[in-house]
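A short worksheet on the structure shown next.
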Amino acid sequence: MYYRHRLPVRIMHWVNVVCLTVLFMSGLSIFNAHPALYWGNSSYDGHPALLEITSTDAPRVPGDVVQGPRGILRIGAHQFDTTGFLGVSRAADGALNEHAFPFWMTIPGYYSLAYARQWHFAFAWLFVINGLAYLLHAIFSGHLRRDLAPDKRELKGIGASVKDHILFKHPRGEAAKRYNVLQKLAYLVVIFVLLPLIVLMGMAMSPMLDSLITGWVGWFGGRQSARTIHFIIAWLLVAFVLIHVFEVMVSGLWNHMRSMITGYYDVQPEAGQEPGTGAHHENV
Amino acid sequence: MKTSSPPRRLFIKRSLGMLGVALISGCDRVGRADWFKGLLSAGEGLTKAAHKVLAPRSAMAQEFTEADLPGYFRSNGTSNPDNPAYQARAANAFLDWTLVVDGLVVMPLRLSLAQLRAMPKRTQITRHDCVEGWSAIAKWSGVPLKHVLDAARPHPDARFVVFHCDDPMEGAGSVRYYESIDMDDAFHPQTILAYDLNDKHLPIANGAPLRLRVERQLGYKHAKYLSRIELVASLDAIRGGKGGYWEDGYGYQWYAGI
């Protein structure tokens, strides 16, 4: 067994899982209070919302019998009927729920902007403290330089790595001890771009923090733009998590789970190599 | 293949659904426990403390230009108070309306709209940020709260300014809106008692004849239909003790800088 993940990284990984889950779900709850996204400083500058989730009692086609409200997702000029999911869904007790995101995606599981905000900000603090601790650890323990930063040779191998991913070809032996280049780049983008930016965009929505440097929110297009970017990054992170979990599942779910819980990862020997010749010597 | 995939997909879908429901009902159960509510509120205290450290007391909210004005300002919350006394004053163009300033002050005041308009005036084009998530830009004119407080001479014990309003929140004769801010915000240069919106008298929908603007806080702090300003040492004696209508009744945060 190869000792792959150190204790601080394992703890911070799982704290992050809890934080991002609560932040995402309470964030959707907050979004439900005003389910529309805009660009610029104002929501009422004469431009329609970029994205909007609404419900309507209007018939689908004139003369149609109305069977209760319909949920509508509008993105730009495109409109989708999302009844049952977005705009109109059933609450936990079966009652008709005309909020944008259904109860099973939100925290709390009923509509309360006040409590959703309490959850969101409390876990935002935990997330930021955990994230800063991770950054300090990654820099000073050498984790960043040793495990995350790709070297020139790896960067040249991006094409081959893309091919390996598409063919579900997973590294064995020595290569399995390291992150592959796509994995490294994905982690670096999440750690140094998406997560800091989503925090910054959250801060840009605070009227008090907006006053720190006059006009800084304007660098990102304005407060409503910041809100839109915050929302988009949240979904990019969901996409990252889906791919991350998918890759974990197809390359050995229990092996990966064990290594992120206990630290120990079972390295499969390279083809033609006897087990125990090389994969095992680099123990703790 | 085709026959086996729908039940399997359904199984996965149902499992995920049940996991989601378990997660949420778990969160809701934990979320209703007092110890957990206390833990979550600790976040609010941390936010307020961090903002006080980061933002200088006089840090200014961004001001915009005439070009940013849409010429219309959304009304939210009460748009026409269900209050006969208020309606009578409105019918009389608020000529017999007065603003009471009392509580922990050396010199209690009773100011008419004409008196307020005669005091130093500040005009600012600012962005209104609602707790729901939307923003709207408008031009506000009014007297800085600082001038009114200076005239009333606050007692050194005064720590909060409470705004009592004329709009009943739960039908005629019910509890009227109220909010409160601390002295840092009360004496901030952009904190004004606004009587004009976009160069016209403040409309009833937006809080006539006088409303608070406290630009570095969310919209619900900006009390409309002001009738009385009370200075207090503690918020304990103000209805539920949490300092505002939404705070007392619905769990909203008193500190609304985020």
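Fewest neighbouring Cβ atoms within 10 Å first, the residues B:K242, B:K200, B:K221 line up as B:K200, B:K242, B:K221.
If you place +1 on the Cβ of every Lys and Arg and -1 on the Cβ of every Asp and Glu, how big does the dipole about the Cα centre of chain A come out, in debye to the nearest 20?
On the way: 22 positive and 18 negative charges, 137 e Å.
Taking the Cα centre of chain A as origin, the dipole is about 660 debye.
Over 32 Å between Cα atoms, which of A:K177/B:K37; B:K52/B:K139; B:K52/B:K200; B:K48/B:K200 qualify? Where the Cα-Cα span goes over 32 Å, the pairs concerned are A:K177/B:K37; B:K52/B:K200; B:K48/B:K200. Evaluated at 4 °C with a viscosity of 1.567 mPa s, what Stokes-Einstein diffusion coefficient in µm²/s does the range A:57-214 have when Rh comes from the Kirkwood expression over alpha-carbon pairs? Once the numbers are plugged in, D ends up at 63 µm²/s. Annotation for A:N16 and A:M249: the two label points, set 7 Å from Cα along the Cα-Cβ direction, are 2.1 nm apart. Fully extending the segment from A:V238 to A:L212, taken as 0.36 nm per residue of separation minus the present Cα-Cα distance, adds 6.3 nm.
By the beta-carbon count within 10 Å of each Cβ, the least crowded to most crowded order of A:H34, B:H155, B:H147, fewest first, is B:H155, B:H147, A:H34.
Under the convention that each Lys and Arg Cβ holds +1 and each Asp and Glu Cβ holds -1, the size of the dipole of the range A:1-119 around its Cα centre is about 700 debye. The convex hull built on the alpha-carbon positions of the range A:34-149 has an orientation-averaged projected area of 11.8 nm².
Please label the shape of the range B:170-244 as rounded, prolate or oblate, based on the square roots a ≥ b ≥ c of the eigenvalues of the alpha-carbon gyration tensor (a/c under 1.5 means rounded; beyond that, a/b larger than b/c means prolate, else oblate). The shape class here is oblate. For the range B:202-207, 3J(HN,Hα) computed residue by residue from phi via the Karplus equation (6.51, -1.76, 1.60; θ = phi - 60°) reads 3, x, 4, 4, 10, x Hz, glycine and proline entered as x. Here is the P(r) of chain B: all C-alpha pair distances, binned every 10 Å from 0, give 6, 26, 32, 17, 8, 5, 3, 1, 0 in whole percents. With the gyration tensor restricted to C-alpha atoms of the range A:109-152, the semi-axes of the equivalent ellipsoid amount to 35, 11, 5 Å, longest first. With the simple model of a label 7 Å out from the Cα in the direction of the Cβ, B:T98 to B:M60 spans 3.6 nm.
Here B:S227, B:S79, A:S29, A:S259 are placed in order of increasing Cβ neighbour count within 10 Å, fewest first, which gives B:S79, A:S259, B:S227, A:S29. Dipole orientation for the protein assembly as shown: of the candidates B:L210, A:I261, A:L212, A:I261 has the Cα lying most toward the positive pole (charges on Cβ; Lys, Arg +1; Asp, Glu -1). Rounded to the nearest 500, the helix-only mean residue ellipticity at 222 nm of chain B stands at -9500 deg cm²/dmol, with each DSSP H run of n ≥ 4 adding -39,500 (n - 2.57).
Here's the picture: charge each Lys and Arg Cβ at +1 and each Asp and Glu Cβ at -1 in the range A:33-105, and of A:T54, A:H78, A:A95 the one pushed furthest to the positive end of that dipole is A:H78.
Model label sites at A:H78 and A:I261, defined 7 Å from Cα along the beta-carbon direction, differ in position by 4.1 nm.
Within the P(r) computed for the range A:125-187, what percentage of the Cα pairs occupies the region above 19 Å? Within the range A:125-187, distances greater than 19 Å cover 41 percent of Cα pairs.
Along the charge dipole of chain B, pointing to its positive end and built from +1/-1 on Cβ of Lys, Arg, Asp and Glu, which listed residue (B:G142, B:T126, B:G31) has its Cα farthest out? Going by the charge dipole, the pick is B:G31. The alpha carbons of the range B:108-258 give a radius of gyration and a Dmax of 14.5, 39 Å, in that order. Taken about its Cα centre, the range B:61-250 carries a charge dipole of roughly 420 debye when the Cβ of each Lys and Arg holds +1 and the Cβ of each Asp and Glu holds -1. Expressed in Å, the radius of gyration and Dmax of the Cα atoms of chain A are 23.0, 76.
Here the average projected area of the convex hull drawn through the C-alpha atoms of the protein assembly as shown stands at 32.5 nm².
Coordinate-derived values only; no laboratory data. All of these numbers come straight from a predicted model, not from anything done at the bench. Note: ideal-geometry Cβ built from the backbone for every residue, glycine included; neighbour counts use all protein chains shown.
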